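Remarks on the structure that follows.
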Amino acid sequence: MDELRKRRTVLDDLDTEFSFYRRMLHGRMDLLSFEIRRRSGEETRSLIEALPQILADGIDGPSRNSIPRDLPLTLPDLGGNGNRSIDRVLGDDFLAHLPSLEDDELEEIQAALTEAERKISNQRRSVYNVHDQINAEITRRYREGLVDATDLFDEQ
């Protein structure tokens with residue numbers, strides 16, 4: 001049973017990491033999307049004027065297909081930081097050069113961010129699937145009396 005709990009803890013840590021990456025990607029995607037809209041004339045505000053709203057709500061508003069839950073306020077332990085493809089995508093300093101980038105460069109960056117977000121979301125979904133399987137196994141063991149229900153109180 002302890003092994004299942006340890007695995008669940010590892011999955012929780014992975015979920016926190018993937019959630020962090022998704023938030024970072026979505027922030028960049030929202031800023032980039034705003035700039036593309038501004039250049040096309042759909043938006044009249046400057047990026048600086050719109051920044052508080054973009055960071056608070058994102059372009060698509062506050063209900064961004066998220067699962068409501070408490071999010072940690074500290075950064076997750078990102079072991080190997082800088083070595084993964086997501087780190088390279090997030091490490092791109094395009095935001096500092098946004099006004100000077102050509103439209104085709106914006107499209108390339110948007111495609112890279114979208115692809116990275118798709119990959120992270122798929123990995124996160126896999127974590128949820130395994131997490132659900134572990135919870136189902138723990139529930140089965142308690143239901144069938146294979147472990148003592150008083151162990152639940154020992155977890156806290």
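The values are calculated or read from the model by the stated rules, or taken from the named source; none is laboratory data. In this text the structure is predicted, and so the values were computed from the model without any measurement. Virtual Cβ from ideal backbone geometry, glycine too; neighbours counted across all protein chains shown.
Hey, among Val89, Val127, which residue is in a helix (DSSP H, G or I), surrounded by 12 or more Cβ atoms within 10 Å (Cβ to Cβ), of a type in the set (A, V, I, L, M) and at pLDDT 90 or above? Before you say what the answer is, go through the steps one by one.
Numbers: Val89 fails: at pLDDT 90 or above.
Val127 is the lone residue from the list that is in a helix (DSSP H, G or I), surrounded by 12 or more Cβ atoms within 10 Å (Cβ to Cβ), of a type in the set (A, V, I, L, M) and at pLDDT 90 or above.
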> From the list Arg39, Arg45, which one is assigned to a loop (DSSP other than H, G, I, E, B) and modelled with pLDDT of 90 or more?
Replying inline: Arg45
> Do we have Ile138 as within 31 Å of the chain's Cα centre (by Cα), at pLDDT below 90 and of a type in the set (A, V, I, L, M, F, W, C) here?
Replying inline: yes
>> For the range 38-54: of the residues being surrounded by 14 or more Cβ atoms within 10 Å (Cβ to Cβ) and of a type in the set (D, E, K, R), which is farthest from Asp103 (Cα to Cα)?
In response: Glu43
